[in-house]
Each structure stands twice: as C-alpha cells, then as structure tokens.
Amino acid sequence: MPIYSDDQLRREIKARHIFPLYLLYGEEGHLLSQSVSLLLKKVVSPSFSEFNLQRFDGAVLTLNQLQTAYEALPMMAEYKAVVVKDWNLEKLSKNDFEQLCDMISDPNPSTVLMLCYSALEIDVKKSSKYKKVCAIIEKNGVVCDFAPKDKTTLKKALLDRCAKQQVVLSPAVCEKIIEQCGTSLTVLLNETDKLIYHAGTGGEITKEDVVKLCTPSIQNTAFDLSNAILQNQYGKAFVILDRLLYLRTEPLMILGALNMSFTDLYRMKAAQAARHSSEDVIRDFQYRAKFRITKLYRTVSQFSIDQIRGCIESLEKADRLMKSSKLDSRIILEQMLGEMIAAAAPVKK
C-alpha cells in the first residue's frame, strides 16, 4: 500500500474503511489533527470514549504501557482506539523496537493504533527504524504524509474560511497573507482567524490589516532579507533585521533561516549552470513548497555564484561567532549583514 495523501485518507475515513494501524506525519499539523478527530468519530462512540479511547504522550510512553493498551478489548463496541503523539522510535532500545515490530506485524483487529507526529519531525525515507515500521504498517494499515499544500489550495482554504464568517477577503489580499505568513496551512488559518476577528462580521480584510496584525514567516522574511542583500539594498536589509529582532525572533533562528535561504539559492544557481530545471531541483532535493522554489529559480538568475558563495562564507563566520564568542548577537548579525552586502556587491570594472 503506498503512502497516502491527506485527501486520500479523508476519503477512506468517510467511506468507513477503517484500518488497524495508522502512521500520520508531516508539516500540516492542522490537517493531521482534523483527520485524527474524523477517524475517532468513526471508531469510538462518545458514550464509551472513556473506556475505548486512550491517548499517550510519546515523551513518557513505555512499550509495556502501549502493549497493555493495545491488547485490551473494547467495551461494548467493535473497536477501541489508541492514539500516540510524537513517540520517538529512534530512542527505543533494540529489544523494545523488535517487540514493537512484532506487535504491529500481527495487528489486533479490535484496536485502531494511531502513531501521530505533528511536533516531532521524522524522516520515513532515511531513518532505518521508521522505514521498517512504515513497511510493516503499509501491509495492514495506512501511512499518511500531511505535506504542504500548493498555493491554489491555500488560497481556497483562506477564502472559504472568511466566507463562512461573512468577512470579505479579496484574492489580492489573500495573496498578501500567504506572502507574509508563509505556506503552513495551520499558521495561515490562525493568522486569518485573527484578521477575521479584527474585521468583524460584514467587514473586509485589507492589506494594511495584514501588515499590521500578521506575524511574518521567518522563512519568507529570510527570503526578503536574502534578496535585499543580493540587490545591495543596505537600508532595506537592516530594516528587515531590525523588525525580526523587535519581534524577539531568536538570533540563531534568523541565522538558520538565512542559511537555508542561501543554500537554496546556491542549489538553484548550480542547477542553472548545469542546465537543470526547477522541477529537477524540486525532485532531487525533495522540496515540498514547490511554488517558492520555482520563484527562487527565477530570482537567482540575476546573481552570480561568487556573490552567493561570499554570502555563505559570511553566514558561516557569524555562526561560529554566535556559538563560541561572548559578543552581542545583534552586533554579530549586523556585522554579518554588512559583510554579506559587500560580498554581494557588483564588481566595478
């Protein structure tokens, strides 16, 4: 059985196709939570939820606790559900992991086990433990990746949200929300709810509201900052940095987001030099936010590989200083920006 998308999973649940095992993971925590709630409504009667629904926090769960819950029979119902949140299988001992594999290899037909990962990031393709568990679950159950949505889906979700609350949201302002807040549907819905409350029933959300009320995405802001650096826009770069620090964004988060942005830019530039398309890069590096990468691919053509390399060297230096010296983080970041802008400046002939 292949890895499901969240749309496929929802269709299966609505059709009452219930499986004994589920492994649910991915960046879209909001959709994951919705799917778990929908599945529980199909599996557990509210009258007996106290007996037939058990939830565990993976941070403190032991294998013995899980086995006891998993093997127990439901009370006056066809199924019972066991929901485990963010259980790090990498930390299991060899013996416990083998016992877990044995347990799910012969699933209990009266228990629906859900291993859910909304806060803990897992890699089901590279981790040997998660690969093995997924392979076992796929034989009798469902593995579902709650991947980021494309821009069209995000816009529809926000426009529908506002329409239900009788608040006007134009397509242009909807674009502005995504541009400022990023591509996480969970974040976008939270920010849109904030705007809906501000506008009130019958009101309209404006671009000014978005700028004033919405928290900017660190990833999108890092892209704007990267662009300002490469465009030699000294003032704009420092204004963006100042706003991030005013919003109390952790300096290491700023550095990390910038590093990711310039790594992406370097990959795009190298791909262009090798005559590879943006689709090639998305596939080879397994990027999820496809429209952001496509936009990066277009943007990077105006910069040289040496400009990008110079900026990456400044980032590496700032990272070392922040982790090993007692210098103020703001000073390190401001010095780094100055060096990056100098490195990115066009060479005068």
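The values are calculated or read from the model by the stated rules, or taken from the named source; none is laboratory data. The structure displayed is predicted, hence computed values, not measured ones. Virtual Cβ from ideal backbone geometry, glycine too; neighbours counted across all protein chains shown.
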Looking at segment 11-32 only, could you name the residues that are assigned to a strand (DSSP E or B) and either in contact with an Asp or Glu (Cβ under 6 Å, 6 or more places away or on another chain) or under 10 Å from MET114 (Cβ atoms) (or both)?
LEU21, TYR22, LEU23, LEU24
What number of residues within segment 136-175 are out of contact with any strand residue (DSSP E or B) (no Cβ under 9 Å at 6 or more places or on another chain), outside any loop (DSSP other than H, G, I, E, B) and free of Cβ contacts under 8 Å to residues at least 60 places away in the same chain?
16
Selection count, segment 86-135, where residues are among the hydroxyl-bearing types (Ser, Thr, Tyr) and within 29 Å of SER45 (Cα to Cα)
5
I'd like the residue in segment 25-37 that is under 20 Å from ILE137 (Cα atoms) and of a type outside the set (Ser, Thr, Tyr) and, out of all such residues, is modelled with the lowest pLDDT.
GLY26
Please give the number of the condition MET76 fails out of (1) in contact (Cβ under 8 Å) with a residue 24 or more places away in the chain; (2) on the phi < 0 side of the Ramachandran plot; (3) part of a loop (DSSP other than H, G, I, E, B).
(2)
Output yes when any residue across segment 196-214 is of a type in the set (D, E, K, R), within 21 Å of LEU245 (Cβ to Cβ) and without any contact (Cβ under 8 Å) to a residue 12 or more places away in the chain, and no when none is.
yes
I'd like to check something: does segment 87-98 contain any residue that is surrounded by fewer than 19 Cβ atoms within 10 Å (Cβ to Cβ), in contact with a strand residue (DSSP E or B) (Cβ under 7 Å, 6 or more places away or on another chain) and either farther than 19 Å from LEU31 by Cα or outside the structural domain of ALA59 (by TED's automatic domain parsing) (or both)?
no
Residues satisfying the stated conditions in segment 266-287, i.e. within 20 Å of the chain's Cα centre (by Cα) and crowded, with 16+ Cβ neighbours inside 10 Å
VAL281, ILE282, TYR287
Tell me, please, whether a residue that is in the same structural domain as ILE136 (by TED's automatic domain parsing), under 28 Å from the mean Cα position of the chain (by Cα) and farther than 26 Å from ASN190 by Cβ can be found in segment 75-82.
yes
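Condition check ((1) in contact with a helix residue (DSSP H, G or I) (Cβ under 7 Å, 6 or more places away or on another chain); (2) surrounded by 15 or more Cβ atoms within 10 Å (Cβ to Cβ); (3) under 30 Å from GLN180 (Cβ atoms)) across all residues:
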position: SER47; (1), (2), (3): no, no, no
position: PRO109; (1), (2), (3): no, no, no
position: GLU121; (1), (2), (3): no, no, yes
position: LYS155; (1), (2), (3): yes, yes, yes
